[in-house]
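The values are calculated or read from the model by the stated rules, or taken from the named source; none is laboratory data. Here the structure is a predicted model, which is why all the values come from computation and not from measurement. Every residue, glycine among them, receives a Cβ derived from its backbone with ideal geometry; neighbour counts consider all protein chains shown.
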Amino acid sequence: MIEQNQKRYAPPTPLDHRVYRSIWVYYKDNKEKNIYIQMSQDPHKPHWISYCKFLEIAFHHFFDNNDFMDLVTGLYVNNHHDVLEKIKSIIKS
């Protein structure tokens, strides 16, 4: 749930109340961006984590799966979005 057209120039703080799974994109020097996700179901007690940390925790059991790593590195290197169905099949197995 990204708030459209909202450029942020600082990372989120505990005072930035958003609903569960809200995305916060922080633009550093107008070039590099850092992405955060709000993981608390209580919007009045937000728990922001980096999207990198979120993905690391969510997919940590697949890091030793060569098929998964081949597909996701291919997605990163070659921008091959057609591999998403293959990734789904690996995750389901």
TODO: Only residues that are more than 11 Å from residue 21 (Cβ to Cβ) and either within 15 Å of the chain's Cα centre (by Cα) or basic (Lys, Arg) (or both): list them for segment 52-73, please.
DONE: 52, 53, 55, 56, 57, 58, 59, 60, 72
Open item on the list: Residues to consider are 87, 49; find the one that is surrounded by 10 or more Cβ atoms within 10 Å (Cβ to Cβ) and either at pLDDT below 80 or assigned to a helix (DSSP H, G or I) (or both).
Closed with: 87
TODO: Taking residue 67 as the residue in question, decide whether it is outside the structural domain of residue 7 (by TED's automatic domain parsing) and either in a helix (DSSP H, G or I) or over 20 Å from residue 92 (Cβ atoms) (or both).
DONE: yes
Task: Criterion: charged (D, E, K, R), closer than 18 Å to residue 11 by Cβ and touching a Phe, Trp or Tyr at 6+ places or on another chain (Cβ under 6 Å) - qualifying residue of 33, 53, 45, 28 - done: 33
